[in-house]
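The values are calculated or read from the model by the stated rules, or taken from the named source; none is laboratory data. Being a predicted model, the structure only gives us computed values, none of them experimental. Cβ coordinates were reconstructed from backbone atoms using ideal geometry, including for glycine residues, and neighbour counts include every protein chain displayed.
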Amino acid sequence: MISISGSLDSGTCAAAEQRINDAITKAGAGLKCITLDFKNLLYISSLGLRILFKLAKSYPSKIKVINVPADVMDIFKMTGIDKTMNIV
């Protein structure tokens with residue numbers, strides 16, 4: 001599980017994307033699921049959404065997002081990402 005907290009924006013996206021990619025690489029061919037915990041995520045920018053859309057496209061049904069705060073979920077619904085990812 002990868003916990004993302006604070007803001008997922010231009011200042012933090014590169015490091016977050018690297019952490020996610022490292023977890024995927026470590027899992028290798030046996031990748032079943034990568035869980036992203038957004039419990040402490042306060043803000044997500046368009047760049048953060050871009051990373052999520054890219055993950056959803058590259059790893060359909062292997063990315064799970066949990067504990068999405070209401071404000072962030074509103075953004076997910078407005079952009080349609082809630083239809084492309086497994087959000088619990």
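Suppose the filter is of a type in the set (S, T, N, Q) and either within 21 Å of Ser10 (Cβ to Cβ) or loosely packed, with under 14 Cβ neighbours inside 10 Å (or both); does Thr79 pass it?
Working: of a type in the set (S, T, N, Q): yes; either within 21 Å of Ser10 (Cβ to Cβ) or loosely packed, with under 14 Cβ neighbours inside 10 Å (or both): yes.
When the stated conditions are applied, Thr79 passes them.
All but one of (1) at pLDDT 95 or above; (2) touching a Leu at 6+ places or on another chain (Cβ under 9 Å) hold for Lys39; state the number of the condition that does not hold.
The number of the failed condition is (2).
Considering only the stretch 1-20, state which residues are part of a helix (DSSP H, G or I) and farther than 17 Å from Val65 by Cβ. Outline the logic, then answer.
If we filter the stretch 1-20 for residues that are part of a helix (DSSP H, G or I), which is where we start, we get 13-20.
The answer is Ala14, Ala15, Gln18.
Any residue in the stretch 1-30 that is farther than 16 Å from Ile63 by Cβ sitting within a Cβ distance under 6 Å of a residue that is loosely packed, with under 12 Cβ neighbours inside 10 Å and of a type outside the set (Val, Ile, Thr)? List the pairs, counting only those 6 or more apart or interchain.
Ser5/Asn40
Here's the yes/no breakdown for (1) under 9 Å from the mean Cα position of the chain (by Cα); (2) farther than 21 Å from Ile24 by Cα:
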position	(1), (2)
Tyr43	no, yes
Gly48	yes, no
Ala56	yes, no
Tyr59	no, no
Ile63	yes, no
Thr79	no, yes
Lys83	no, yes
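Considering Ser45, Ser7, which residue is polar (S, T, N, Q), touching a Cys at 6+ places or on another chain (Cβ under 8 Å) and farther than 17 Å from Val88 by Cβ? Outline the logic, then answer.
Numbers: Ser7 fails: touching a Cys at 6+ places or on another chain (Cβ under 8 Å).
From the options Ser45, Ser7, the qualifying one is Ser45.
If I go through the stretch 21-52 residue by residue, how many of them are closer than 15 Å to Gly6 by Cα and part of a strand (DSSP E or B)?
Within the stretch 21-52, residues that are closer than 15 Å to Gly6 by Cα and part of a strand (DSSP E or B) number 9.
Looking at the stretch 53-70, which of the residues that are modelled with pLDDT under 95 and in a helix (DSSP H, G or I) is surrounded by the fewest Cβ atoms within 10 Å (Cβ to Cβ)?
Lys57
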